[in-house]
Amino acid sequence: MLPYQQMLNYDDSRPEFRLIDGPSVRQGRLQIRFHNRWRSICTQLTNWTSVDTTIACKSMGYSDGGFWKWYRRNNDTYPFVMPHPECFPDAKSLWDCQGFKESNAIPLSENLCQGEDDIGLYCWGPPIFTGWAKHWKGLQILSSPFIFVPSDPDMVSVHRESLSRLEYVDIFYAGYNAETKNTTAAIWIEGVPPILNGLRIERSARDGVHFYEPSAPIIIANSTIVNNRGHGIAIDNTTDGRVFINMTIVAGNYGDGIRYRQKAGGIQLVRKLIGREQRQASIYYEEKRPRVQMCTEHSIPESLYFPHLISAYLPNGTAIDSEAPSPCWTVIYSLLFFIEERKIIQMFGLPKLTKFTLSLQFH
């Protein structure tokens with residue numbers, strides 16, 4: 001019998017509090033479901049006590065937490081004004097606190113929160129909802145093997161394609177890492193993701209599927225990802241950008257159905273309060289595929305045009321016979337050199353009247 005099948009008492013309910021606009025469901029802007037609407041909590045520039053923030057996190061099923069930061073208020077008309085929760089340490093939820101007991105007396109006027117910020121919290125520690133101890137960790141898939149395949153018929157660009165597949169697997173009640181005593185995703189994937197097909201992921205203690213820095217297209221088909229306590233599908237820092245989700249149900253999750261965040265790249269300008277501009281570099285370098293590994297392959301197909309990236313790699317400990325020819329060499333077709341005014345002119349399988357300046361770099 002599986003652990004979750006032994007459960008006689010399990011809390012399937014969802015809290016009436018949540019954290020949004022943050023990196024995870026444990027960190028973000030605090031909201032409350034009140035009068036059939038989700039409302040951000042405005043404290044009127046009043047700091048909550050550590051007891052207040054801890055009870056707020058317990059209201060969401062976490063064991064502890066604290067203040068994180070102030071969020072600039074959104075332009076909406078559904079505030080919830082709570083400057084003083086007045087919680088006691090033995091409270092199990094914010095509804096047990098003195099400030100929440102008289103629900104009809106809680107101000108909901110937008111005028112009270114104009115120009116003020118919403119409170120943001122950060123929760124941590126093992127979950128405390130009923131039945132959490134029966135959860136297991138789940139699956140981790142790191143750096144799946146892959147090949148490069150053409151992205152178009154002309155072979156102008158290529159992309160990674162995983163050699164791995166995860167198909168027809170049911171994952172229930174995953175998402176708790178006993179080693180770190182914290183929640184995790186039912187399936188955690190880093191690098192090139194495998195093709196996901198026919199999965200059923202339910203009741204995870206956190207995200208259903210979490211992709212961290214995927215460097216290839218994400219493909220999910222014929223799957224069901226429902227009733228998880230985090231995001232259904234979380235895609236964080238993708239360097240490829242392509243996501244294909246087909247014939248898949250994502251519903252009833254505590255966080256977002258699909259949370260997508262592209263990896264930032266390039267030069268950004270950030271304006272400071274003093275009016276000066278500061279240049280911040282957030283450049284990432286994507287690994288390029290060599291046209292040939294000249295220690296194992298020794299020719300480049302004639303259909304491929306200049307420029308060529310040629311790699312020379314020998315594993316550590318490779319024996320080299322000084323009397324034998326070098327194992328690293330290659331032949332490049334349609335290569336013509338001309339010496340003209342101390343410049344090296346190169347032509348790679350292009351019209352013969354076209355001239356290119358050849359730049360050689362050695363590392």
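Nothing in this text is a laboratory measurement; each read-out follows from the coordinates by a stated rule. Quick caveat, the model's predicted, so the values are computed rather than measured. FYI the Cβ positions are ideal-geometry reconstructions off the backbone, even for glycines, and counts take in every protein chain you see.
Quick notes on this one:
- Label-point separation in nm, residue 86 to residue 169, each point 7 Å along Cα→Cβ: 5.2
- Computed log10 I(q)/I(0) for segment 1-136 at 0.10, 0.20 Å⁻¹: -0.34, -1.18, from the Debye equation with unit scatterers placed on every C-alpha and solvent omitted.
- The calculated FRET efficiency for residue 47 paired with residue 251, based on their beta-carbon distance and R0 = 35 Å, is about 0.40.
- Two-site FRET efficiency, residue 63 against residue 244, from Cβ-Cβ distance with R₀ of 41 Å, rounded to 0.05: 0.60
- Full-stretch length increase - residue 323, residue 181 - with 0.36 nm per residue and alpha-carbon distance subtracted: 45.2 nm
- Label-point separation, residue 293 to residue 154 (7 Å along Cα→Cβ), nm: 3.0
- Placed amide H near residue 260: partners under 5 Å, 5+ positions off or other chain: 235
- Stretchable slack from residue 12 to residue 102, in nm (0.36 nm times residue separation minus alpha-carbon distance): 29.7 nm
- Residues residue 143 and residue 261, FRET efficiency given R0 of 22 Å [Cβ-Cβ distance, rounded to 0.05]: 0.60
- Taking each of 92/263; 101/181; 69/181; 69/92; 69/134 in turn, the alpha-carbon distance tops 31 angstrom for 92/263; 101/181; 69/134.
- Here the gap between residue 35 and residue 21, fully extended at 0.36 nm per residue and compared with their Cα-Cα distance, gives a gain of 2.9 nm.
- From phi via Karplus (6.51, -1.76, 1.60), per-residue ³J(HN,Hα) for segment 291-299 in Hz, x at Gly/Pro: 5, 8, 9, 5, 8, 10, 10, 10, 7
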